[in-house]
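The values are calculated or read from the model by the stated rules, or taken from the named source; none is laboratory data. Just so you know, these numbers come straight off a predicted model, no measurement behind them. When we count neighbours, we look across all protein chains shown, and the Cβ atoms used for this are built from the backbone with ideal geometry, even at glycine.
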Amino acid sequence: MILPLTQTTAERAPDLRTIFLTQHRRLFKVAYHLTSSRHEAEDVVQDVFVRLHERLAQFHGEAKLSTWLYRMTVNASLDALRRFKRRQKWETALTLPEIEAGANANGALAHSQSELAEKVQIALARLRKPYRAAIVLRDFEGLAYDEIAAVLQIDKGTVASRLHRGYAKLQKELAALGVDRSYLNNP
């Protein structure tokens, strides 16, 4: 009996093109919500995929690939914030993709939703990075507490604490921007 040859690590590794096509948009959203800049988010995602290309053979499947990618994206986004802190300017004409998709042909409604999206992004940008990262992963990416804990490499209880404190601070920031506190339904 002849046993089949085992696959090499390179043969088992997921295809980079497939990963790019399936994950690019999600990673961009995370980077955008953390950096509040489309330009910075594009740079972050490009950096993540360069790193992924260099390290894909090192991925052994101990964690989900998406967790690994989220971790790389969050870390690269936070690095970008530190690196460009002085010269970073918040883009005020941006809207959240979810609100853009839900806007209808009614110009007034689209304008008010765009305005709300802008205020939410400004309020998010004012949060400390740990709170912002937890909220983005929970609310914009829909990750569960244990997934957020894996991505941020913190305990599940710390995730709950950061979310609780982050939501409270987000509500205060939104109120300061004139957004009704009921916008957040005590998540």
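Could we say that residue 46 is surrounded by 18 or more Cβ atoms within 10 Å (Cβ to Cβ) and farther than 23 Å from residue 131 by Cα here?
no
Pick out the one residue from 111, 164 that is modelled with pLDDT of 95 or more and surrounded by fewer than 20 Cβ atoms within 10 Å (Cβ to Cβ).
When all the criteria are applied, what remains is 164.
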Checklist entry - Of the residues in the stretch 138-169, how many are of a type in the set (S, T, N, Q) and within 25 Å of residue 25 (Cα to Cα)? => result 1
Next on the checklist: Given the criterion surrounded by 15 or more Cβ atoms within 10 Å (Cβ to Cβ), at pLDDT 90 or above and either of a type in the set (A, V, I, L, M, F, W, C) or touching a helix residue (DSSP H, G or I) at 6+ places or on another chain (Cβ under 9 Å) (or both), identify the matching residue among 144, 150, 176.
Outcome noted: 150
Checklist entry - In the list 45, 30, which residue meets the criterion of being of a type in the set (Val, Ile, Thr) and touching a His at 6+ places or on another chain (Cβ under 7 Å)? => result 45
Next on the checklist: If I go through the stretch 29-43 residue by residue, how many of them are part of a helix (DSSP H, G or I) and crowded, with 19+ Cβ neighbours inside 10 Å?
Outcome noted: 9
Next on the checklist: Taking the criterion of being closer than 20 Å to residue 124 by Cβ, at pLDDT below 85 and not hydroxyl-bearing (Ser, Thr, Tyr), would at least one residue in the stretch 34-44 satisfy it?
Outcome noted: no
Checklist entry - Which pairs have Cβ atoms under 6 Å, sit 6 or more apart or on different chains, and link a residue in the stretch 28-55 that is under 19 Å from residue 137 (Cβ atoms) to one that is not in a helix (DSSP H, G or I)? => result 36/90; 37/91
Next on the checklist: Of all residues being among the acidic types (Asp, Glu) and assigned to a loop (DSSP other than H, G, I, E, B) in the stretch 56-99, which is modelled with the lowest pLDDT? Just the residue, please.
Outcome noted: 91
